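*Asks:* Right, I'll just put the structure down here and ask away after.
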Amino acid sequence: MVRFLGYLLFFIAAVHCRHEKYEGHQLYRVAGPAEEFASLEATLDLLSITPAERSTFGKLEVLVRLSPEVKERWLQYFDERNMPYSKIADNLAEILRDEETKIQNAKLAARQNGRSISWDTYYNHDEINNHLDELAAEYPELVTVINAGLTYEGRQIKYVRISTTRFEDPRKPVIIIDAAVHAREWVTPPVALYLINQLVIDVVDNQLTDGIDWIIIPVVNPDGYEYSINVDRLWRKTRSRAHPNAEACPGIDGNRNFDLAWGTNSGAANPCAITYEGPTPFSESEIRVVRDVVLQQLPRAALYISLHSYGNLFLYSWGNNGTLPSNGLNLHLAGVTMATAIDELALDESQRYIVGNAANVLYFTTGTSRDWTRSVGVPLTYTLELPGYTYGFVVPPEYVEQIVTETWAGIAAGARFVLTSS
Ligand SMILES: *[C@@H]1O[C@H](CO)[C@@H](O)[C@H](O)[C@H]1NC(C)=O
């Protein structure tokens, strides 16, 4: 017993030490011109980016993490440029330890209730994959799990196909959803799993599967996702090491690796930048999975949404130059339809969604899945930045249920939009 307690204490200590590197790191909210943040994106860890006061066009507000070593330098930088800031948290390590305790408790409670997945906590990659396999076994008429490929470190990337017609009816539009391209955005896989739940288990609207085929990829970047669980909560990129300077700076940003305007932004060319685009377009096997799914479903693919966290935004093309695709009006209409459905269910403390061109709402980006999927012919494509409340993507697990429920309402509204316009 004493020995067991010893192990237990060691385990708890080891788990909690993991967040040591963020001891004393503070979170600040900073406002400033969009161009400023576009150029800081590669050097400063921008945990979230949202339009500042909704009336000041061209201004953004970001959440940044400042370590004790660099804090004074950055605050001086902001002062010199008249960029207002305020501190919103004193110690990131403590926030991460709290998050971890809550997740452990919620998982324990769920297990005692005999559920494999619940909507009040987060799950690791194995748990998610097992859940998908169980669903396929239980609902073979509707659900197929595809082993789509391996990650750089050899993990299996799985996705789910949901179809009442075995994907054989060429008249049905296809909706494609992906999640966890960015590792630390933990609230995105639960949203993907909840979509599956509503389409397969707790079915609320048969039309959505009678009329549409679905592809849902709950974890695009399992290596990064596991690394963010086990080593560094704030990890964003993949874990590949096949590019220059990879030993010092492993991984690339999956949402800069697509072949649209790739290589046209010098900030994204630096392997140590958090937004590194990779050595070539589609260099990452994880991103090739998304590419191949989308290409296989052309021309049936009607709606593509990449789930991200956070900011309460539906962003559409072109993010690389700020102009609109030929179907700009429809992109806006479908986006507003989804955003309105979410806003109706949102918490009072949540900001209402903004729908718009990615470059105009935020700033120019290159190599994104939203722009690439639009360029190859998917009509409606979005980056969806989910709500994050106070701490950005460190969404406390007690908010998961709210976010999955309201986002489902939005995506269901998007699906009905597709049905009525096809
Ligand atoms: C903006 O980018 C898109 C996608 O690459 C391209 O089709 C369009 O022609 C560009 N527009 C301008 C004005 O450069």
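The values are calculated or read from the model by the stated rules, or taken from the named source; none is laboratory data. Bear in mind that the values here come from a model prediction, so they are computed numbers and not experimental data. Glycine also receives a Cβ, built like all others from the backbone with ideal geometry; neighbour counts cover every protein chain displayed. The accessibility values were calculated without ligands, DNA or RNA, using every heavy atom of the protein model including side chains. Shrake-Rupley method; radii C 1.70, N 1.55, O 1.52, S 1.80 Å.
*Asks:* Among T101, V361, L303, whose Cα lies farthest out toward the positive end of the dipole of the chain, if unit charges sit on the beta carbon of Lys, Arg (+1) and Asp, Glu (-1)?
*Replies:* Sorting the options by dipole projection puts first L303.
*Asks:* Size of the dipole of the stretch 24-90 about the Cα centre, Lys and Arg at +1 and Asp and Glu at -1 on the beta carbon, nothing else charged, in debye to 20?
*Replies:* Details: 8 positive and 11 negative charges, 34 e Å.
With Lys and Arg at +1 and Asp and Glu at -1, about 160 debye.
*Asks:* At 1.4 Å probe radius, can you tell me the per residue accessible area of the chain in Å²?
*Replies:* Values: 17240 Å² over 422 residues.
Accessible area per residue: 41 Å².
*Asks:* In the chain, what % of DSSP beta bridges are antiparallel (nearest 5)? Before the final figure, lay out each step's value.
*Replies:* On the way: 30 of 51 bridges.
Looking only at bridges with both residues in the chain, the antiparallel portion is about 60 percent.
*Asks:* May I pose another question? Report S421's accessible area, 1.4 Å probe, all protein chains in place, as a number in Å² to the nearest 10.
*Replies:* Looks like 70 Å² after rounding.
*Asks:* List the DSSP H helices in the chain whose Cα atoms stretch 27 Å or more along the helix axis and whose mean Kyte-Doolittle hydropathy is at least 0.0. Intermediate values should be presented prior to the final figure.
*Replies:* Values: long enough: 92-112 (30 Å, -0.69); 400-421 (31 Å, 0.72).
Both cut-offs are met by 400-421.
*Asks:* Taking the Cβ-Cβ separation of D348 and E80 as r and a Förster radius of 35 Å, what is the calculated FRET efficiency to the nearest 0.05?
*Replies:* On the way: r = 37 Å, r/R0 = 1.06.
So, using R0 = 35 Å, E works out to roughly 0.40.
*Asks:* Please list, ordered by chain and number, the residues whose modelled amide H lies under 5 Å from the amide H of A301; skip anything fewer than 5 residues away on the same chain.
*Replies:* V174
*Asks:* Of K59/K102; K59/K172; K107/K158, which pairs sit farther than 32 Å apart, going by alpha carbon to alpha carbon?
*Replies:* Numbers: K59/K102 35 Å; K59/K172 42 Å; K107/K158 23 Å.
Over 32 Å Cα-Cα: K59/K102; K59/K172.
*Asks:* Going through the stretch 85-160, which GluC sites (Glu not before Pro) have at most 14 other Cβ atoms within 10 Å and a DSSP loop state? Could the numbers behind the result be given before it?
*Replies:* On the way: sites: E94, E99, E100, E127, E134, E138, E141, E153; in loops: E141, E153.
Answer in residue order: E141, E153.
*Asks:* Are there GluC sites (Glu not before Pro) in the stretch 267-374 that DSSP puts in a loop and that have at most 14 other Cβ atoms within 10 Å, and which ones?
*Replies:* Values: sites: E277, E284, E286, E344, E349; in loops: E277, E284, E349.
Sparse-neighbourhood loop GluC sites (Glu not before Pro): E349.
*Asks:* Return the carbon/sulfur percentage of the accessible area of the stretch 24-90, one whole number, probe 1.4 Å, all protein chains in place.
*Replies:* On the way: 1630 of 3320 Å².
After summing per-atom areas, the C and S share lands at 49 percent.
*Asks:* Sum -39500 (n - 2.57) across every DSSP H segment of at least 4 residues in the chain, then divide by the residue count to get the 222 nm mean residue ellipticity, nearest 500.
*Replies:* Values: 13 runs with 158 residues, N = 422.
Helix-only estimate at 222 nm: -11500 deg cm²/dmol.
*Asks:* By the 4.7 Å beta carbon criterion, which cysteine residues of the chain come out unpaired?
*Replies:* Flagged as lacking a Cys partner: C17.
*Asks:* OK, next. Give the relative contact order (percent, whole number) for the chain; include only Cα pairs under 8 Å separated by 6+ residues.
*Replies:* Details: 839 pairs, mean separation 72.6, N = 422.
Relative CO of the chain lands at 17 percent.
*Asks:* Each residue of the stretch 232-240 in order: what ³J(HN,Hα) in whole Hz does its phi give by Karplus 6.51 cos²θ - 1.76 cosθ + 1.60, θ = phi - 60°, with x for Gly and Pro?
*Replies:* Result, ordered by residue: 9, 3, 9, 5, 10, 7, 6, 10, 6 Hz.
*Asks:* Still on this structure, I have one more. Select from P218, S317, L347 the residue farthest towards the positive end of the dipole of the chain; place +1 on Cβ of Lys and Arg, -1 on Cβ of Asp and Glu, and compute about the Cα centre.
*Replies:* Result: S317, furthest along the dipole toward the positive end.
*Asks:* Which loop-located trypsin sites (Lys or Arg not before Pro) does the stretch 48-153 contain, where loop means any DSSP state but H, G, I, E or B and the Cβ has at most 13 other Cβ atoms within 10 Å?
*Replies:* Details: sites: R54, K59, R65, K71, R73, R81, K87, R97, K102, K107, R111, R115; in loops: R54, R81, R115.
Passing sites in the stretch 48-153 are R54, R81, R115.
*Asks:* Could you check the simple spin-label distance between I201 and R97, using points 7 Å along Cα→Cβ, in nm with one decimal?
*Replies:* 3.4 nm
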